[in-house]
Every structure is written in structure tokens, then in C-alpha cells.
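*Asks:* Below you will find the structure I want to go over with you.
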Ligand SMILES: *Cc1c(COP(=O)(O)O)cnc(C)c1O
């Protein structure tokens with residue numbers, strides 16, 4: 001977290017404020033930045049998924065809220081592409097939804113050229129359908145706009161997991177302009193907020209019930225007066241109790257820090273930082289010359305996403321050695337955790353989000369030590 005973000009965290013710690021007032025103010029900031037009608041600061045994107053699911057299942061119905069995660073006589077299915085399934089959808093299921101899978105990724109099966117198609121979502125819609133779950137992290141396939149069109153033709157909402165899809169900063173508006181009903185982002189990834197924060201934003205009709213199911217509800221109905229542009233009190237038949245999201249609460253400090261980080265994220269020109277990271281990676285590549293490793297810096301073309309370095313081991317049994325090197329780097333001094341997404345291809349990844357010059361030098365030194373000892377061992381054998 002930047003000094004500015006930490007300062008906001010600290011300043012908030014000295015204040016007392018009703019959380020619904022603070023969250024409603026946060027909603028206005030999030031709306032201005034993302035183009036959504038309303039928003040909510042959550043305890044991470046996974047928490048956003050759980051609250052968003054709960055909101056879609058219950059709307060403003062306090063009886064349904066009380067029932068979660070159990071299933072009453074209301075629709076509880078979310079349609080999802082098989083290729084969008086991932087460990088984070090546990091949060092959707094934890095709210096009480098049942099996932100109904102559609103489509104095949106025939107290319108990953110090596111058995112065809114097609115992936116999930118929009119008509120398959122439509123064919124799966126039935127009286128138990130509550131909404132559609134869409135994971136933007138799957139590379140924007142199928143097109144979100146097509147899935148929103150299918151959903152809205154049947155008066156169903158779409159919940160989007162876009163946790164790690166920033167930058168580019170245009171992504172906020174790009175996703176919300178499709179008409180997607182709720183979108184969740186991580187606050188602790190590129191935005192640079194506290195690690196355990198996130199954003200849920202979209203239509204007011206769902207953000208209100210999401211908020212209700214997270215806020216502390218220990219008050220008197222006669223006194224409770226949440227900001228009307230954020231929670232529609234008139235739509236409640238009575239005063240809901242603590243909801244399923246009560247265990248996902250966020251503090252005033254987290255809210256202030258996340259909003260500060262969000263504002264910095266959209267106001268700051270990413271070019272200088274990006275150039276700095278590019279230089280650090282180039283320096284590392286230069287320093288690794290002569291070692292049995294092929295380096296390639298990947299530079300996304302959107303002009304905002306940071307470059308990263310892929311290092312492929314040029315040794316026999318490279319996939320096995322890459323895991324071994326990864327382990328040794330974790331166990332060494334200082335412990336270094338490299339990106340491990342391409343280990344099966346024998347590649348280590350250096351993502352520079354939080355990298356500075358001394359750390360880059362430490363990575364160079366440790367990789368050199370480990371590679372020299374690995375080559376010495378293989379020559380000895
Ligand atoms: C990181 C991530 C999440 C979880 O985000 P948190 O803010 O850590 O809760 C959810 N979905 C995807 C696709 C992610 O990459």
C-alpha cells in the first residue's frame with residue numbers, strides 16, 4: 001500500500017462514523033469511477049461474489065435473506081460455462097446457489113474447435129434459474145455482452161467475476177457498459193488497496209440487498225435510516241437480521257484506504273511505473289546472461305498492464321527442475337516466491353508489481369546460485 005493509502009487508513013482509525021453512511025459515500029465514489037449505479041466495499045472479490053449471489057437470490061425479501069444459505073421455494077440456480085468453473089466459485093455456492101454447467105471447451109480437450117456458446121446458456125434457463133455467473137478472467141469468452149443479452153431477454157441478472165482484470169483502467173466502464181448487473185473486483189491486486197478488500201458494483205437494485213446482508217443490523221427499525229440512494233428501505237417488509245454476509249464485514253479503515261487506492265489508481269498515469277518495471281526486468285535479464293535460462297519479457301499491448309518475465313530453464317527435464325528451483329527459491333534467504341503458473345512448461349515467471357531494485361538484485365543473486373549449483377550437480381552426475 002502506498003503512503004497515501006496508509007495515511008487514509010490511519011486517519012479513518014481516529015474517526016467514528018455509521019458504516020452505512022460511510023459505505024453509501026463509498027458507493028457514490030465507486031459509481032463515479034466505474035459508471036455503475038451503486039457500489040459496495042467488500043472483503044475481497046470472493047466476498048463480492050458471495051454477497052452478489054446472496055443479493056440476486058433474495059432481492060429485498062427479508063424472509064429469503066433469513067433462509068440463506070438454505071434453499072427456499074425461490075429460484076437458486078446460476079448458469080455457468082464449464083470452462084468458467086474455478087475455485088473461487090465456492091463463494092457463489094456458499095451463498096446457497098447451485099451451479100448449472102453448460103458448454104464444452106473442445107479445444108482444451110483436443111477434440112474440436114468450439115467453446116461454450118451463448119445459445120447453450122439460453123437453453124439451460126428454467127424456472128429455477130436465478131442468474132448467470134460469468135468469469136471475465138477466462139479471457140472475455142464468450143463475449144459478456146452476448147451473455148447479458150441472453151440473460152436480460154429472460155429478466156435474469158448477470159454476476160461478473162473480474163477480480164484480477166485490472167488494469168487497464170478502461171475495464172471498469174467496459175464491463176459495466178455491457179449492462180452486467182453486478183461486477184466484482186479485487187481491491188488488493190492492481191488497485192493497491194488493503195489486501196482483504198474488494199468492490200462490488202452494478203445496479204442499485206442488487207447493491208442494496210448485498211449491503212443489507214453484510215451490514216450490522218443491530219438497531220431499531222424506528223431509528224434505522226440508511227441513505228435512500230443506496231438502500232431502498234421502503235421495499236423491506238420488516239427489519240432483516242444479520243445476513244449471510246455479516247462474517248464478511250469491512251472496517252471503516254479498509255473502506256477509506258480502498259477508496260484512496262482506487263482514486264490513485266484511476267488518476268495516476270501508469271506509463272512511468274511501467275517503464276521502471278520494464279527496466280528492472282531488462283536489468284535482470286542482462287544479469288542472467290550466460291546461465292542456462294532463456295528469458296522473455298512479455299509486454300501486453302494495452303499500454304497499462306505491467307510486463308512480466310518468463311524464464312525457461314534450458315536444461316534437460318526442465319519441468320521437473322523448474323519445480324525444484326521454485327522450491328529452493330522459497331526456502332532460501334530471502335524467501336522468493338516466483339510466479340508458478342507456467343511450471344509445467346519449465347518456466348518461472350517474475351511479476352514485477354511490487355518489485356524494486358534491491359529485490360531484483362536479490363532475485364538475480366539467488367537464481368544464479370541455484371542454477372550454478374544445479375548445473376554443477378548435473379555435470380557431476
Ligand atoms: C483473485 C481472484 C479472486 C479472489 O479475489 P480476492 O479479492 O482475493 O477475494 C476471485 N476470482 C478470480 C478470478 C481471481 O483471480
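Values in this text are rule-based calculations from the coordinates and carry no lab data. On a predicted model such as this, the values are computed, not experimentally measured, just so you know. Here Cβ is always computed from backbone atoms with ideal geometry, including for glycine, and neighbour counts include all displayed protein chains.
*Asks:* For every helix of n ≥ 4 consecutive DSSP H residues, a contribution of -39,500 (n - 2.57) applies; sum these over the chain, divide by its total residues, and give [θ] at 222 nm rounded to the nearest 500 deg cm²/dmol. Write out the running numbers ahead of the final one.
*Replies:* Working: 13 runs with 155 residues, N = 381.
That calculation yields -12500 deg cm²/dmol at 222 nm.
*Asks:* Which one of 245, 131, 87 has the biggest mean-square fluctuation once the chain is modelled by GNM with Cα springs under 10 Å?
*Replies:* Of the options given, 87 has the highest mean-square fluctuation.
*Asks:* Helix 3-13 versus the longest principal axis of the chain: what is the Cα-based angle in degrees, 0 to 90, to the nearest 10?
*Replies:* Approximately 40 degrees, to the nearest ten.
*Asks:* With springs only between Cα atoms under 10 Å apart, run a GNM on the chain and tell me which of 212, 343, 19 wobbles the most.
*Replies:* Result for the chain, Cα springs under 10 Å: 343 fluctuates most.
*Asks:* Taking just the alpha-carbon atoms of the chain, what radius of gyration and Dmax come out, in angstrom?
*Replies:* In Å, with Rg to one decimal and Dmax whole: 23.4, 81.
*Asks:* Say we join alpha carbon atoms closer than 10 Å with springs in a Gaussian network model of the chain; which of 244, 199, 336 then has the biggest fluctuation?
*Replies:* So, out of 244, 199, 336, the one fluctuating most is 336.
*Asks:* Here is a further query. Could you tell me what percent of the DSSP beta bridges with both partners in segment 121-250 are antiparallel, to the nearest 5? Walk me through the intermediate numbers first.
*Replies:* Values: 5 of 12 bridges.
Antiparallel bridges: around 40 percent, rounded to the nearest 5.
*Asks:* State, as an integer percentage, the relative contact order of the chain based on alpha-carbon contacts under 8 Å between residues 6 or more apart. Write out the running numbers ahead of the final one.
*Replies:* Working: 692 pairs, mean separation 71.3, N = 381.
It comes to 19 percent, rounded to a whole number.
*Asks:* Need the full-extension length gain, residue 225 to residue 152, defined as separation in residues times 0.36 nm minus the C-alpha distance. One decimal, nm. Walk me through the numbers before you get to the answer.
*Replies:* On the way: separation 73, 0.36 × 73 = 26.28 nm, distance 3.20 nm.
In short, 23.1 nm is gained.
*Asks:* Quick one: in segment 15-72, what % of C-alpha pairs are over 20 Å apart?
*Replies:* Numbers: 634 of 1653 pairs.
That fraction is 38 percent.
*Asks:* Kindly list the residues of segment 337-378 that lie in the label zone of residue 278, defined by a backbone N under 20 Å from the point 7 Å along the Cα-to-C-beta vector.
*Replies:* In segment 337-378, the label zone of residue 278 (backbone N under 20 Å from the point 7 Å along Cα→Cβ) covers 350-357, 360.
*Asks:* Hey, for a label at residue 218 modelled as a point 7 Å past Cα toward Cβ, could you say which residues of segment 242-262 have their backbone N under 19 Å away?
*Replies:* Zone members listed by number: 242-253.
*Asks:* What does the convex hull of the alpha-carbon atoms of segment 99-240 project to on average, in nm²?
*Replies:* On the way: hull surface 44.9 nm².
The number I arrive at for segment 99-240 is 11.2 nm².
*Asks:* Let me ask you something else. Given C-alpha coordinates of segment 43-162, what is the ratio Rg to Rh with the Kirkwood estimate of Rh? If you can, show how the numbers build up before the last one.
*Replies:* Details: Rg = 14.2 Å, Rh = 14.6 Å.
Expressed as Rg/Rh, it is 0.97.
*Asks:* Would you give the gap between the C-alpha center of segment 94-145 and the C-alpha center of segment 302-367, rounded to a whole Å?
*Replies:* The two parts, judged by their Cα centres, are 33 Å apart.
*Asks:* If you take every DSSP beta bridge fully contained in the chain, what fraction is antiparallel? Give it as a percent rounded to 5. Don't skip to the answer; put the middle values down first.
*Replies:* Numbers: 21 of 36 bridges.
Percent antiparallel among DSSP bridges in the chain is about 60.
*Asks:* Any idea what the alpha-carbon Rg over 2.2 N^0.38 Å comes to for segment 212-324? Working shown, then result.
*Replies:* Working: Rg = 25.3 Å, N = 113, 2.2 N^0.38 = 13.3 Å.
Ratio of Rg to 2.2 N^0.38 Å for segment 212-324: 1.91.
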